[in-house]
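A.B. asks: Below you'll find the structure I mean.
The values are calculated or read from the model by the stated rules, or taken from the named source; none is laboratory data. What you see is a predicted model; the values in this text were computed from it and never measured. Cβ coordinates were reconstructed from backbone atoms using ideal geometry, including for glycine residues, and neighbour counts include every protein chain displayed.
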Amino acid sequence: MKRAATGKLRVYLVLAGLGLLAALALGRPELAALAAPFAVFVAIGLAVGRPVEVKAAAELDYERQLEGRLVTVLLEISATEPVERLELLLDLGESLETEAPNPILIRLGRGERRELEFPVRCARWGTYEVGNVVWRARDGFGLLVSEGRTTGGHRLKVYPHGENVQRLLRPLETQAFAGNQVARSRGEGIEFADLRPFVSGDRVRRVNWRATARRGEPWVNETHPERNSDVVLFLDTFAEARRDDLGTLDLSVRAAASLAALYLREKDRVGLVSFGGVLNWLTATSGTTQLYRIVDSLLDAEIALSYAWKDLDVIPPRTLPPRALVVALSPLLDERAVGALIDLRARGFDLAVIELSPYPFVPEGESETEQLAYRLWRLRRDALRTRYASLGVPIVEWREGVPMEAVVEEVRAFRRHARVLRA
Amino acid sequence: MTGAVAVLAAVGLAAYPAAQDIRLQPLSLALAVVGVFVLALGVLARWPAAIGFGLVSLGGTYAVLFAAEGSRLDRLAPGYAAGLLLVAELAFWSIESRVPAWSDPELAIWRLARLGLACAGAAVLGAVVIADSAAATGGGGLLMETLGVVAAIGAIALVAVLARRHALE
């Protein structure tokens, strides 16, 4: 808590002093009559002014909420002394907004507890501490001001809102565990794959009686087993393009959260690599707990400026399991991320790149030189995209307003017509 | 709103001595204009020092009246004192940070009432000072004058010490 004299106190002191001295010097009681009220005002104000400490207890109706939704913050304010004018600012940072007036001015009587309600809109995903209050208490005379900040707010997690995706990207190869994906291999399953002659050990229930009758010898059905797959979401956090309240990192976090939820619903194992100035990873696992782990980890994702060169060797080996589908979400703005993705492909990973388009965030420029530079930059990006495509990596541009479903479908179309190259 | 009322009240205050037909009227008028202008500047720029300078100028305008008028006692001094306090309070009110008082609409009314009380108190105090000096017959001599100087300086020093102590807490 900090306590200070206001400018008013200094001015009143000067006025009182000058007035009284002028009254003495000129021998005029009228000047003393002018100065006396200011002196008495200051004297009374200082005599009755007491140091004050304000306490604020905050409660949230939800500690987890989706982007764009409302959370109600209930503040209970009390003070050690009566406060004539108490200015309160609920510290919300830049990504949370309240529709209630903030800051507000209230008056607290002796022993009074005031409850204030702030509906807070969660404008952007992330983890926030909500409930800290910055306060400024003025005495009734406006001569002294106390300022402070209450701590002990609650942690609010704002999850990114999901993108609507019905069909997912399927990895080229599945894993050994049961899941919802029809494997390319043959084995015990439901989905019909082919017919073959009966061999010793085949179960009678697999005999295809129609084919057997037609060919005169026993034939059996072959099926595709249902298996799960490993998916690694690769988040590029080296750099982002941003304008106002939206950036490519926001898009990638939304996409990653949606894809993780859908893959986990399909019983796949999902891992996360946040590859940037700060490296974060989660090894691939399945289940609802993993979804919460991934989303919590996504909330911590941020662009951390770093000049250190990083490649795939810094990622722990288990984070990128063999035969996993790697879905990279990147604006392709940093050479290190671009190189790491090419390296992933070279190591034989099944890779799909969702390019979070930086174009909406980068103005074309007004001068001819700026426009030329912009066109050159776009050409270089086109060349990079061609390079990925030639390596057999599907690369699709995604931007705000375009359904995620269309992006996934475009990757699926690419993969239908592409061949897998093995070194 | 409060700033505009403060400037209007300052104009009213400045008009009283400046409009008197006195020997030093140009000086009084100049001080009045400077006082009102600087006060308005202080209100607009949210600058307490400028408000203080404007108030001192308004007081100076009033002081010029006595330098020109000699020994006649001004019976309107209590009213002028109340007016000066009103101008000061409104001006400092107007430069406070803008905070919507949505949960306490009675705060403004409460504050206006306190302001009225303070101005009435200032008028009463001024009247007491004037009445006391009018009742005094003749000079008090060197001893009384010395006592007066010491008392004035002591009062200011006491208030300054109080203010400093509070500011350091």
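A.B. asks: For A:E191, all conditions in the list (1) surrounded by fewer than 14 Cβ atoms within 10 Å (Cβ to Cβ); (2) at pLDDT 90 or above hold save one; what is the number of the exception?
C.D. replies: The one condition A:E191 does not meet is (2).
A.B. asks: Among the strands (runs of 3 or more DSSP E) contained in segment A:33-145, which hold 2 or more residues that are within 14 Å of chain B (Cβ to nearest Cβ) and either surrounded by fewer than 22 Cβ atoms within 10 Å (Cβ to Cβ) or touching a residue at least 12 places away in the same chain (Cβ under 8 Å) (or both)?
C.D. replies: Per the criteria, A:70-79, A:83-90, A:104-108, A:113-122, A:133-138.
A.B. asks: Which members of segment A:258-272 meet the condition of being within 15 Å of the chain's Cα centre (by Cα) and buried (at least 24 other Cβ atoms within 10 Å of the Cβ)?
C.D. replies: Correct list: A:L259, A:A260, A:L272.
A.B. asks: Considering only residues that are surrounded by 14 or more Cβ atoms within 10 Å (Cβ to Cβ) and at pLDDT 85 or above, look in segment A:404-423 and name the one that is nearest to the chain's Cα centre (by Cα).
C.D. replies: Restricting to residues being surrounded by 14 or more Cβ atoms within 10 Å (Cβ to Cβ) and at pLDDT 85 or above, the top hit is A:M404.
A.B. asks: Write out, first by first residue and then by second, each pair whose Cβ atoms fall under 7 Å of each other, whose residues are 6+ apart or on separate chains, and whose first residue, in segment A:206-232, is more than 30 Å from A:A284 (Cβ to Cβ) while the second is modelled with pLDDT of 90 or more and among the hydroxyl-bearing types (S, T, Y).
C.D. replies: A:P218/A:T212; A:W219/A:T212
A.B. asks: Hey, another quick one. Let me confirm something: among A:A25, A:A36, which residue is touching a Gly at 6+ places or on another chain (Cβ under 8 Å) and small (G, A, S)?
C.D. replies: A:A36
A.B. asks: Just one of B:V64, B:V5, B:V87, B:V36 is away from chain A (no Cβ under 12 Å), out of contact with any His (no Cβ under 8 Å at 6 or more places or on another chain) and buried (at least 17 other Cβ atoms within 10 Å of the Cβ); which is it?
C.D. replies: It is B:V36.
A.B. asks: In segment A:152-166, is there at least one residue being touching a residue at least 12 places away in the same chain (Cβ under 8 Å), assigned to a loop (DSSP other than H, G, I, E, B) and on the phi > 0 side of the Ramachandran plot?
C.D. replies: Within segment A:152-166, one or more residues are touching a residue at least 12 places away in the same chain (Cβ under 8 Å), assigned to a loop (DSSP other than H, G, I, E, B) and on the phi > 0 side of the Ramachandran plot.
A.B. asks: Answer yes or no: is there a residue in segment A:390-403 that is within 30 Å of the chain's Cα centre (by Cα) and assigned to a helix (DSSP H, G or I).
C.D. replies: Looking through segment A:390-403, none of the residues is within 30 Å of the chain's Cα centre (by Cα) and assigned to a helix (DSSP H, G or I).
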